[in-house]
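Engineer: Here it is, the structure in full.
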Amino acid sequence: MSEELHSANDVEATEVRVRESFGKQGLMRLLGAELVEIGPGHVRIDLARRDEVSQQHGYIHAGATSAIADTAGGYAALTMMPLTADVLTVEFKLNLLAPAAGDRLEAIGTVLKAGRTLTVCRLEVFSVTDSERILVAAGQQTLISLTVRPVD
C-alpha cells in the first residue's frame, strides 16, 4: 500500500495518526513505553527499565518485550496503509535471544512486505546501556488491514 503514501502531507498525516493511536494504548501507557521514531515502514518504541516491568531475576519481562515488539510492528505496518485503514495483528513469533538486562529496550518494527490486506514485519528488540546495544529478541509478524469500529 506504499503507493498511497505519495506526498509529504500523507506522511505527516500518518505520523499524526500513529501518535494519536499510540496515545490511546493503555498497555503502552501502563508500561511507560515511548514512541520514539516514525517513518514509512519503520517505528521504534523505547521502554525504560523499572521494577514494574521486570521479572524475578531483574531483567525486563518477556511480556513487556513482546508487547513493545508487537506494537512497533503494528505501527510500522500502519504507516504503509491508506489513511482510511487500521491494523490488527494476525500473528507474531518472537525469539528471545538474550536477557533484557539493559537500561532500556528499543523495539523496532520494519515492514518487509506491505500488501493490500496483509503486511509482514520484522521485529527486533535491543537492550541498550551507555556502552552497548544487544539484540535480545527477534521475530516476524503478520498484520491485517481493516476498518475497525471502536469498542464502546
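Engineer: Just a yes or no: is a residue in segment 51-64 assigned to a strand (DSSP E or B) and surrounded by 16 or more Cβ atoms within 10 Å (Cβ to Cβ)? It would help to see each step written out before you state the result.
Structural biologist: Taking segment 51-64 as the starting set, the residues that turn out to be assigned to a strand (DSSP E or B) are 54, 60.
Okay, now just the ones that are also surrounded by 16 or more Cβ atoms within 10 Å (Cβ to Cβ), so 60.
Checked against the condition, which is being assigned to a strand (DSSP E or B) and surrounded by 16 or more Cβ atoms within 10 Å (Cβ to Cβ), segment 51-64 yields at least one hit.
Engineer: With (1) in a strand (DSSP E or B); (2) surrounded by fewer than 23 Cβ atoms within 10 Å (Cβ to Cβ); (3) within 13 Å of the chain's Cα centre (by Cα) as the list, and Lys113 as the residue in question, which single condition is left unmet?
Structural biologist: Of the numbered conditions (1) in a strand (DSSP E or B); (2) surrounded by fewer than 23 Cβ atoms within 10 Å (Cβ to Cβ); (3) within 13 Å of the chain's Cα centre (by Cα), the odd one out for Lys113 is (3).
Engineer: Applying the selection to segment 120-134, what residues are surrounded by fewer than 13 Cβ atoms within 10 Å (Cβ to Cβ) and of a type outside the set (Val, Ile, Thr)?
Structural biologist: Of the residues in segment 120-134, the ones surrounded by fewer than 13 Cβ atoms within 10 Å (Cβ to Cβ) are 129-133.
Once the filter is applied, which keeps residues that are surrounded by fewer than 13 Cβ atoms within 10 Å (Cβ to Cβ) and of a type outside the set (Val, Ile, Thr), segment 120-134 yields Asp130, Ser131, Glu132, Arg133.
Engineer: Take segment 20-45 and flag every residue that is among the acidic types (Asp, Glu) and farther than 10 Å from Ala72 by Cβ.
Structural biologist: At the first step, the residues of segment 20-45 found to be among the acidic types (Asp, Glu) are 20, 34, 37.
Result: Glu20, Glu34.
Engineer: Within segment 81-100, restricting attention to residues that are at pLDDT below 95 and in a loop (DSSP other than H, G, I, E, B), which residue is surrounded by the most Cβ atoms within 10 Å (Cβ to Cβ)?
Structural biologist: Step by step, filter segment 81-100, then rank; the result is Met81.
The values are calculated or read from the model by the stated rules, or taken from the named source; none is laboratory data. Small disclaimer: the values here were computed from a predicted structure and weren't measured. With ideal geometry, Cβ positions are generated from the backbone for all residues, glycine too; neighbour counts draw on all protein chains shown.
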